[in-house]
Amino acid sequence: MPFHVDSEVGKLRKVLVHAPGLEHRRLTPTNAEDLLFDDVMWVKRAIAEHEEFCTVLRDHGIEVFDTEDLLAETLDIPEARRWVLGRVLDERHVGSYLARRRSEWAETAASREIADYLIGGVVKSDLTAGEGLTYFSSEHSDMLLPPLPNFIFQRDPSCWIYDGYTLNPMGARARRPETAFMQAIYRWHPMFADQDIPIWHGGVEEDWGRATIEGGDVMPIGNGAVMIGMGERTAAQAVTMVARELFKAGSARLVFAVMLPKSRHYMHLDTVMTLVDRDVVTTFPEVVEGARVWAIRPSDDPDVPVVEPFGGGVIKALEHALEVGEMRVVPTGGDPFESQREQWNDGNNLLALEPGVVVAYDRNDDTNARLRKAGIEVLEISGSEIGRGRGGPHCLSCPIERDAAY
């Protein structure tokens, strides 16, 4: 089984990332909020920080794949190219001129160029000439196809849960084209095309309504269990649908749903907690300690899982699912002010490379010190620029092969 993610902390073997690029050079103070960023990036520094992150992964024997490379290679396949351009360059989104240009692109443009513009966006000045109301009414620097700066956070548009994956109907409209790129990669890229891999939820060929989900909320914690946050981006409808498909396939036995505040501060479950060892979790207590939890289990009717309140809270849910006895909890570090600052700066958003070894941003001094005191090896990287979209090492990565830990 070449692709599987069987835990949050088992040995990480293969991972998807995406380096900063054109899309971040097109972030401005006036469009950043619409594009879900809090500030503009110093892109040169962000690229260096991301490469530092990837170097740490490679130094630990992890295969690292950039999704822009995979997308460009996918676009070498004519059927895939037509499908992607048809999905993204739709007249309803980009106007009649760009929609017509997609046929020309499909026949003549280099795959790398197409990938750069699909992710980096298209402005009027990129075009030598044009026509149609959308084109004529646009200013020189207007976005005809918006950039996708959040594509750097590879955790979200798809996620691997045990032996399958989801193609996530994103909660944030600005991010929805990302899912089409992942769907094309998984369907046509040679690395995935010959694999018979189940899809638990999603895909852009269907309207999923309010059943939105993003990968930062989804944790295949191991031992046949999954924990999914429900907050600003992930809805109960999607959690139930994912659980149902996992149970039908026999790929999971238990799903915990965790209620989060609907706030950008805590937009995903991995902004307030991540597992760092088999029996160690780092949490932001202000949110995690009071979070309501539901247990979802299979029933005699495969279409209707059993949903019951779980009274013990998040930590007890982890202990119950993982059968590890008592979980050790490492709270966000510092006094109440510093704790809030470090949570905001992704102090709890850590990527485990193997049990007890994590990647963290160097700016979160107090949380990192607490982790080391708990026996965790903390590999620090710079994150002053790549973190401006509110995402840490866990957000920056999409594991596609990770060992079990229990």
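Quick notes
- Where labels lie 7 Å past Cα in the beta-carbon direction, separation of GLU323 and VAL304 in nm: 3.0 nm
- Centroid-to-centroid separation of segment 197-246 and segment 292-356 [C-alpha atoms, Å]: 16 Å
- Listed from fewest to most Cβ neighbours within 10 Å, the set HIS60, HIS50, HIS18 follows the order HIS60, HIS50, HIS18.
- Modelled FRET efficiency - R0 22 Å, GLU338 with SER384, Cβ distances, 0.05 increments: 0.85
- Rough spin-label spacing in nm, given labels placed 7 Å along Cα→Cβ, for GLU205 and ARG253: 3.5 nm
- As a proxy for reagent exposure, ranking ASP196, ASP59, ASP279, ASP270 by other Cβ atoms within 10 Å from fewest up yields ASP196, ASP59, ASP279, ASP270.
- Dipole moment magnitude, nearest 20 debye, segment 234-299 about Cα centre, only Lys, Arg, Asp, Glu C-beta charged: 360 debye
- Size descriptors for segment 1-66, from the alpha-carbon set: Rg then Dmax equal 15.3, 46 Å.
- In a reduced charge model with +1 at each Lys and Arg Cβ and -1 at each Asp and Glu Cβ, the chain shows a dipole moment near 480 debye about its Cα centre.
- 10 Å Cβ shell holding at most 14 others, DSSP loop, GluC sites (Glu not before Pro): longest site-free stretch of the chain: 34-130
- Convex hull volume of the C-alpha atoms in segment 288-406, normalised per residue: 155 Å³.
- In summary, the convex hull built on the alpha carbon positions of segment 150-225 has an orientation-averaged projected area of 5.4 nm².
- Counting 0.36 nm for each residue step from ASP194 to ASP362 and taking away their Cα separation leaves a gain of 56.4 nm.
- Note on segment 17-32 and segment 164-190: Cα centroid distance 19 Å, given to the nearest whole angstrom.
- With a cut-off of 19 Å on the backbone N, the residues of segment 244-274 near the modelled label site 7 Å out from LYS316 along Cα-Cβ are 254-260.
- With at most 11 other Cβ atoms within 10 Å, longest stretch of the chain clear of loop trypsin sites (Lys or Arg not before Pro) (DSSP): 1-209
- Each Lys and Arg contributes +1 and each Asp and Glu -1, all at the Cβ; summed about the Cα centre of segment 247-345, the dipole is approximately 240 debye.
- Taking the Cα atoms of segment 170-312, the ratio Rg/Rh between the radius of gyration and the Kirkwood radius comes to 0.97.
- Cross-link reach is defined here as a Cα-Cα straight distance under 20 Å, omitting same-chain residues fewer than 8 places apart; for LYS11 none of the lysines meet it.
- Helical runs (DSSP H, four residues minimum) scored at -39500 (n - 2.57) apiece and divided by the length of the chain put the mean residue ellipticity at 222 nm at -9500 deg cm²/dmol.
- Overall form of segment 189-249: oblate. Here a/c, set by the Cα gyration tensor axes a ≥ b ≥ c, is 1.5 or more, and a/b is not larger than b/c.
- Rg(Cα)/(2.2 N^0.38 Å) for the chain, N = residue count: 0.97
- Calculated diffusion of segment 231-330, Stokes-Einstein form, Kirkwood radius summed over Cα pairs, 10 °C and 1.306 mPa s, µm²/s: 111 µm²/s
Every number in this text was worked out from the coordinates using simple rules, so none of it is lab data. Keep in mind that this is a model prediction, so the values were computed, not measured. Ideal geometry is used to build each Cβ from the backbone, glycine not excepted, and the neighbour counts take in all protein chains shown.
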